[in-house]
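Okay, so here's the structure we're looking at.
Bear in mind that the values in this text are calculations on the coordinates, not laboratory data. Since we're looking at a predicted model, the values are computed, not measured. A quick note on method: Cβ atoms are made from the backbone with ideal geometry, for glycine too, and the neighbour counts reach across all protein chains shown.
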Protein chains: 2
Amino acid sequence: MVSWKMMSWKLVAVVCTVVFLVLGILIGKFGIPPDLPSWLREMSIDGDSSFTERLMKEIRADNIEKNLKYFTQKAHIAGSPREEEELVNYIFNEWKSHLDSARIYPYSVLLSYPNASDPNYVAVQLENGTEADMSAKVEKILNPDQEEDPTVVNPFNAYSLPGTVMGDPVYVNYGTIEDFTYMKRNLSIDLNGTIAIARYGKIYRADKVKHAAEFGCVGMVLYSDPADYAVDSEVRVYPDDWWLPGTGVQRGTVLPRDGDPLTPYYPSIESAFYQKESDSFSVSAIPVTPIGYDDAIKYLRKISGPEANSTWQGGLNVTYRLGPGFIPPYSNSKLKLHVRTYNERRMTHNVIGYIRGEHEPDRYVVLGNHRDAWVFGAVDPSSASAAMMELSRAFGELLKDGWRPRRSIVFCSWGAEEHGLIGSTEWVEELVKILGTRAVAYLNVDIAVEGNTTLMASGTPNLYKLLHESAKKVENPNPDEIANGRKTVFDTWLANDPSDYDPTLPHIGELGSASDYTAFLQIGGIPCIDMSYTYSKTYKLSDYPMYHSAYETFDLVSRLMDRGFKYHQAVARLLGVMTMTLAEKVILDLDCTQYANKLERMVKDIQTHYGPLFEKHGINMDGVVKAIQEFKEAARNLHGRTETVELTNPLEVRRLNDQLMDLERAFIDPLGISGRPWYRHVIFAPSLHDAYGSSSFPGLTDALFDIENDPDQARRWEQVKKEVSVITFIIYSAASTMKGVNDIGGL
Amino acid sequence: MVSWKMMSWKLVAVVCTVVFLVLGILIGKFGIPPDLPSWLREMSIDGDSSFTERLMKEIRADNIEKNLKYFTQKAHIAGSPREEEELVNYIFNEWKSHLDSARIYPYSVLLSYPNASDPNYVAVQLENGTEADMSAKVEKILNPDQEEDPTVVNPFNAYSLPGTVMGDPVYVNYGTIEDFTYMKRNLSIDLNGTIAIARYGKIYRADKVKHAAEFGCVGMVLYSDPADYAVDSEVRVYPDDWWLPGTGVQRGTVLPRDGDPLTPYYPSIESAFYQKESDSFSVSAIPVTPIGYDDAIKYLRKISGPEANSTWQGGLNVTYRLGPGFIPPYSNSKLKLHVRTYNERRMTHNVIGYIRGEHEPDRYVVLGNHRDAWVFGAVDPSSASAAMMELSRAFGELLKDGWRPRRSIVFCSWGAEEHGLIGSTEWVEELVKILGTRAVAYLNVDIAVEGNTTLMASGTPNLYKLLHESAKKVENPNPDEIANGRKTVFDTWLANDPSDYDPTLPHIGELGSASDYTAFLQIGGIPCIDMSYTYSKTYKLSDYPMYHSAYETFDLVSRLMDRGFKYHQAVARLLGVMTMTLAEKVILDLDCTQYANKLERMVKDIQTHYGPLFEKHGINMDGVVKAIQEFKEAARNLHGRTETVELTNPLEVRRLNDQLMDLERAFIDPLGISGRPWYRHVIFAPSLHDAYGSSSFPGLTDALFDIENDPDQARRWEQVKKEVSVITFIIYSAASTMKGVNDIGGL
């Protein structure tokens, strides 16, 4: 009995064991709401921010220094063996080993070079036929870094029309459209047959040449004036300081459009159709060549004619006169240009390195820098090449530790940027169908460090917030600034360059076409940022002093600009933080409300400038203002939805991200800007008269340019009306892409 | 001891209960791989096919008949109150009640009408200044359905240049470019100052007018020849049979381009900029008016000049002569055209109805039909309007039962199609940024039933398979065919119209610009299908006989074409099956390999036609062939991935679907076809000399047209080379979008 009782309890224990085990399993499996599968959970949370910390630590200044030394040890102009073989292979191998994969994209494109055995020069052609005051054919060697490199090209302007021309000299200040118009309209100076001497700066040099030709000049001489490139030059120029010496010459292209001039709109791949050079925009209308200020003064001091007004006076010890012609005894002498620049088809290469995204491999965060330099390129572009290589190495270290981003990251090393953004343009033309649907953003660093005062940046408004927030995360490379309480890159940036609409935010400019972001923005409609560490705004320089000269050496950078490479390191880190954020956050860090605010400010500017004139012609911006209100509301709602979305629903998250990403595409008009159809962004495009600068509402700005002096007022104002209507429509259209897709309103 | 033992077993039982319950719960929860959340599971399986069965059953022939009766009870030309108010509101209210939501899109556009108080006519102007043989100004009433409707517009060609012109008549057959070229080049007939009489058919009428103007004619008369519209007309024409009687006249537009002529490229929304009419393509170059064959014979029998060759002889009891001029005693008489057609800005409206997708609301399956008719429109377009309304009602019934598709479904009722695809073009222009990224496909049914012999269809190759498979699922509406073993729509279609490349597949044509799919394909790059039930191919008709006449009545359709409305029902069902499949399958039913095969056949055609000529000019298609091989491989791989993809991974599925969907976009070149930039699809576009027809590789075909007779051979062959290069690039580019995104190869 006892035994039975005991047995029965034993049985109870066994039964309980079995029954409750099964019951437990059932409860465990079905009674408790199931956890999400781990891959789904991972997909719905932001990447671990400790990896960003890790990345920043991994980026080492001494490595960047080593990289820069390597890149600048010889000249590496586009199309040269060092540039297209040695450096291409170096980067390819680095990325192949650090990243998931790498690939080289070759393009056969039209490049331009000076004739080594018959260099370009400027001279005074005396009445007796002899030449005097011949300009230097080579840049004087000032530092051992420059020496014994036969691959250094002598000063020239790429794609200049070759030829020998003579004419009376005129001084045209910076050669802007306003400068030329002033000379002709206000001063009635006949520029036909003259040779224009213009100082570099303010605008893109190709536009100076275009203006000169349009106003009848037969040739152009470009020089760097001390007022713009050697502000305190009297005692300290290179090699003593970073200011441009009188023997330094700025090289540079005068190509009027971006990309290979023989294959406009299409990539220069093997199957490409190449236009004849005569059918293309592959040479300037008139010969042009650059000189240094030691040479320029020889011609300027002989120019006759009225004294230029005070704003046109440069920094040379001479009274700047306008011409045309020389003073006695040179009255019958002519200024002569000897240009032997030639064009040639050569191969250029982009190198692309790739980190595969874990969850969204078909979303690309793209960052890039060009590789080619006019000479050694220690600032432009190798300061950024050195930084980007270190950044890619640091990302490689994270990969080794098992890290993998949510989205893919694409590193780009562009060829032939200096000749006219050729490598990046051909690549975007080739891959536009892929980039147009998959690229999240393009982050460009042409020059990492051109000064050590502050960050500066330009970009599309949807990236403002990301850039501002990222700059707050990067330690200030300047110990003095830290000591003054400005601990981050952001703080110094804000102190130097506050925006004009919010004193708590640093200024971010608009994008023209000064670097490789152009094709991404204008062809692909991809959000873009361009940034550098730069010199003080108070100098009012157009470029850093040594820009495109043979004095852009490792010595210059390592001794006079960034000892210790902390500024380079800061830029690499900033680029790293932005890349990480775009690649790792579940909800894309693109801010559409900033776009709305920017549009509002832009329209206010237009109203301020043109309000009374518009009223006179029965035009108002009410439609645009209304469209912007709708845009603003849609942007706010979209961001509201990103805050309430169920992050574990991948399709809902993707839908919102697509809307955030596609907004920029909505500003692309396939017809392009009226008269300049190769630019397609209706809100921002390079300026009509300065492709380096940016134009807000470019179609409208073009239509309004000098409108009051056009005899055909009716036609011009009709065009203005049309442009206002295009802007209104494109803003409505962009707003509609941000609306909810759940009801017909979203259509 | 015993008691302790017993107690201990009791304790064991309790402990077991607790321990194993907990253990069980832990095992249940963590030891067994968790089930997917139900929403995720639902997201990863195709929609239940029983709903498709249900949908088919729900579509009732008698409802379609009722719908048709309603739509055709009065005339409803674009811009008329009945069309733009009554029918718009009717459809809007239907969709608002059956579907999730509906919306009306209004556009203010330029339309065209005949002058009711001063009708157009043709006459013989006698030497004495009087008019003889005046053509009928109105179409004779043959059936009560036509009567007492003051809104019937008299015969006219929309957008004709108004005016009165006189000249010697010439007979130009169909007025194709070949016809005109033959008259001028082979027969040396001087067409300057003549009035061309052309028969309708073969090509788009606007192209006939364009050719006439280009060859010097000052006016054009269009008529329907019995050889084309009353093939066995001797005894049986309407109202006895469906053949065109001699009093019937085909209306139709002669607008040379699609969309509102005053707002090319942009939508005619409130903020639109309207060109001046004089700056636009809003009227034909010469006056034109249509007549019936009872009138045409009066002029044709008086024409002098050489006898037309046998292929030019029509079906009237007269010897067709070419002219120019009349035979005696009319030698000094002239043919006279009196055209008072005028253009006017009016409102037109699209109605859009919407079913929200459950998992992918941002992917739209779009189907549409136009609403406006030249007169009653019982065939064109109301046969399809009646079918689409019934289809939308049937979908509404499913919604009531709790069904909801994976993707969204969008129903479109277009305005002003007849005038020039205006409603659909303005809508796509307005919403291109949304449709370009989200529309899966556009399914067009302009005419549901224009005959009762067989289905016919045109479309983009990625929809071939879907259309073929869907047609297999729809019961044959013809009992005789079923009795002959052809149980489905597919079987009869195959028997009547096999493709020339596979005897097991019916033919699907290429898309020109004959209906509202044009903007979807040419602007949006969206896969498209157009389909109808049609008459026998053996008749070799260009159109169904009553096309655009006042005899397109409910009587015609219900008594002579589709008694019982079974053919209408079959088309509605087919459209329903296709819509269901595109909306419900996890993997999009778009077949890229069919595109590859089609491209291969197209290139073979080009090689067959032009091979020797190409060889002579050093051109070959090897590059294109290579690109197609790469395309084919990429398509195969992409479909391979769709077969192995983990369907429960929503982002991976979406990635593949995006690739399937975006392929069509890759064929869009924003520059457009050379010389016709408003068409942007590089593979298919309307023909240069017949916008209703389609041209394969249109840029190349244009470049090759009549090339051997061009004096500037060098220029022309350079253009051919350029076109070959564009085709090669676009195919490579399209192939690249299909490659894996997981490695750099995908870039």
Practice item. Working from the alpha-carbon coordinates of the range A:615-747, get Rg over Rh, Rh being the Kirkwood radius. Key: 1.08
**Study point:** Debye, to nearest 20: dipole size of the protein assembly as shown, +1 on Lys, Arg Cβ, -1 on Asp, Glu Cβ
**Key:** 2660 debye
Revision key, fill the gap. Taking placed amide H atoms and a strict 5 Å upper bound, the residues 5 or more places from A:Cys528 or on another chain that come that close are A:Tyr442, A:Thr460
Practice item. Using per-residue counts of other Cβ atoms within 10 Å, averaged over each peptide, order B:577-589, A:323-335 from highest down. Key: B:577-589, A:323-335
Review point. In nm, one decimal, shortest first: how far is the label point of B:Asn484 (7 Å from Cα along Cα to beta carbon) from the matching points in the other copies?
Key: 9.3
Study note, to complete from the structure: For the range B:21-142, whose charge dipole is built from +1 on Lys and Arg Cβ atoms and -1 on Asp and Glu Cβ atoms, the candidate among B:Leu126, B:Ile64, B:Val22 with its Cα farthest towards the positive end is B:Val22
Practice item. Can you tell me the 0 to 90 degree angle between the C-alpha axis of helix A:713-738 and the longest principal axis of chain A, rounded to 10? Key: 20 degrees
Check your understanding: In peptide A:256-268, what is the residue-averaged number of other protein chain Cβ atoms found within 10 Å of each Cβ?
Key -> 1
Exercise for review: Only residues of the range B:268-307 count here: report those whose backbone N is under 19 Å from the spot 7 Å along Cα→Cβ of B:Asp241, or say none.
Suggested key: B:293-294
Study note, to complete from the structure: The equivalent-ellipsoid semi-axes of the range A:483-567, taken as the square roots of five times the Cα gyration tensor eigenvalues and listed largest first in whole Å, are 24, 22, 13
Study note, to complete from the structure: Applied in sequence order to the range B:499-507, the curve 6.51 cos²θ - 1.76 cosθ + 1.60 (Karplus, θ = phi - 60°) yields integer Hz couplings, x standing for Gly and Pro, of 6, 8, 10, 8, x, 9, 10, x, 6
Revision key, fill the gap. Of every Cα-Cα pair in the protein assembly as shown, the percentage lying beyond 55 Å is 34 percent
Check your understanding: Where the only charges are on Cβ atoms (+1 Lys, Arg; -1 Asp, Glu), what is the dipole of the range A:266-322 about its Cα centre, to the nearest 20 debye?
Key -> 380 debye
Review point. Which Rg and Dmax, in Å, describe the Cα atoms of the range B:297-392?
Key: 24.9, 77
Review point. What pairs from A:Lys202/A:Lys336; A:Lys96/A:Lys487; A:Lys433/B:Lys598 go past 28 Å between their alpha carbons?
Key: A:Lys96/A:Lys487
Check your understanding: Amide H of B:Arg251: which non-local residues (sequence gap of 5 or more, or other chain) have their own amide H closer than 5 Å, using H built in the peptide plane?
Key -> B:Ser549
Review point. Per residue of A:654-665, what is the mean number of Cβ atoms on other protein chains within 10 angstrom of that residue's Cβ?
Key: 3
Practice item. Would you calculate the separation in nanometres between label points at B:Glu397 and B:Ala483, each defined as 7 Å from the Cα along the Cα-to-beta-carbon direction? Key: 2.9 nm
Study note, to complete from the structure: Expressed in angstrom and rounded, the centroid-to-centroid distance over alpha carbons for the range A:133-155 and the range B:611-634 is 49 Å
Revision key, fill the gap. The range A:610-683: spread of alpha-carbon positions along the three principal axes, whole Å, largest first, is 56, 28, 12
Point to revise | FRET efficiency, 1/(1 + (r/R0)^6) with R0 45 Å, evaluated for A:Ser97 and B:Lys465 via beta carbons | key: 0.50
**Study point:** Helix A:422-438 vs. chain A, principal-axis angle (Cα, 0 to 90°, nearest 10)
**Key:** 30 degrees
Review point. Roughly what would the spin-label model give for B:Arg82 and A:Lys721, points 7 Å off Cα along C-beta, in nm?
Key: 3.6 nm
Revision key, fill the gap. In terms of the charge dipole of the range A:295-384, which places +1 on Lys and Arg and -1 on Asp and Glu at the beta carbon, the residue among A:Gly368, A:Asn309, A:Thr348 farthest towards the positive end is A:Asn309
Revision key, fill the gap. Quick calc of log₁₀ I(q)/I(0), the range A:170-278, Debye, one scatterer on every Cα, no solvent, q values 0.10 1/Å, result -0.43
Practice item. For the range A:104-151, give the magnitude of the charge dipole about the Cα centre (Cβ charges: +1 Lys/Arg, -1 Asp/Glu; no others), in debye to the nearest 20. Key: 180 debye
Review point. What is the distance in Å between the Cα centres of the range A:643-705 and the range B:164-183?
Key: 49 Å
Review point. Measuring from centroid to centroid over Cα atoms, what is the spacing of the range A:403-435 and the range B:498-568 in Å?
Key: 46 Å
Check your understanding: What percent do you get for the relative contact order of the range A:196-315 when only Cα pairs under 8 Å and 6+ apart count?
Key -> 33 percent
**Study point:** Cβ-based charge dipole, the range A:183-270, positive-most Cα from A:Ala196, A:Val209, A:Met183
**Key:** A:Met183
Point to revise | Förster radius 41 Å - calculated FRET efficiency between A:Leu613 and A:Thr164, Cβ distance, rounded to 0.05 | key: 0.35
Check your understanding: Between A:Thr608 and the same site in the other copies, what are the distances in nm, shortest first, taking label points 7 Å from Cα along the C-beta direction?
Key -> 6.8
Exercise for review: Could you calculate the FRET efficiency of A:Ile27 with A:Thr644 from 1/(1 + (r/R0)^6), where r is the beta carbon distance between them and R0 is 35 Å, rounded to 0.05?
Suggested key: 0.60
Review point. Between B:Gln73 and A:Asn89, what is the spin-label point distance in nm, taking each point 7 Å from the Cα along the Cα→C-beta axis?
Key: 8.4 nm
Review point. How far, in degrees from 0 to 90, does helix B:622-644 lean away from the longest principal axis of the Cα atoms of chain B, to the nearest 10?
Key: 40 degrees
Exercise for review: Restricting things to alpha carbons, tell me how big the range B:292-338 is in terms of Rg and Dmax, in Å.
Suggested key: 10.7, 31
Exercise for review: Please work out the ratio of the alpha-carbon Rg of chain B to 2.2 N^0.38 Å and round it to two decimals.
Suggested key: 1.09
Review point. So what does the Cα-only Debye profile of the range A:353-396 read at q = 0.13, 0.19, 0.27, 0.33 Å⁻¹, as log10 I(q)/I(0), no solvent term?
Key: -0.38, -0.66, -0.96, -1.14
Practice item. Once the label point is placed 7 Å from Cα along Cβ, list for B:Ser536 the distances to the corresponding points in the other copies, in nm, shortest first. Key: 9.5
Check your understanding: Averaged across the residues of A:723-732, what count of C-beta atoms belonging to other chains lies within 10 Å of each residue's C-beta?
Key -> 4
